[in-house]
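Only the coordinates and a few stated rules stand behind these numbers; no lab work does. It should be emphasised that the depicted structure is a prediction, and the values quoted were computed from it without experimental measurement. Quick reminder, even Gly has a Cβ in these numbers, built from the backbone with ideal geometry, and neighbours come from all protein chains shown.
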């Protein structure tokens, strides 16, 4: 069985879940894009029952980091939406998805940021149920910048 803890996924324009290609290291420091400075953070208390859909911020922002721990035995997807309102799971299309395998932490840093123009929102989607149970996701922390 492959270790999927470090694999990231995204949805293409047709809605198909695809693995994010691993970028090669830049050939020289002059070609390295600078990371947006984290100017705002969002920390969610332990998850409650349901999808925990949240609007983090309205307007244009770049998602720079994601940290979370999945206390479930099955995986959970953190779906991010480019939306200025709380997302409607199953209706709204996620822009970015971070998969967190069961009993595993997720620690992601996006050196150039992932741009959301309307707003930054998310929902938590478990693999094996319509919603989470209280405490399934611990310490979800997002770092973002304008």
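Counting other C-beta atoms within 10 Å, which of 115, 108 has the fewest, and how do the rest follow? Don't jump to the answer; show the numbers that get you there.
Values: 115 14, 108 19.
By the 10 Å Cβ count, ascending, the order reads 115, 108.
Express the relative contact order of segment 36-145 as a whole percentage, based on alpha carbon pairs under 8 Å and six or more residues apart in sequence.
Working: 316 pairs, mean separation 54.3, N = 110.
In percent, rounded to a whole number, it is 49.
Send over the per residue convex hull volume for segment 36-145, Cα only, as a whole number of Å³. Don't skip to the answer; put the middle values down first.
Values: hull volume 8.8 nm³, N = 110.
Considering the Cα atoms of segment 36-145, their hull volume per residue is 80 Å³.
Give me the one-decimal nm value for the distance between modelled label points at residue 93 and residue 69, 7 Å along each residue's Cα-to-Cβ direction.
Going by the 7 Å Cα→Cβ label model, 3.6 nm.
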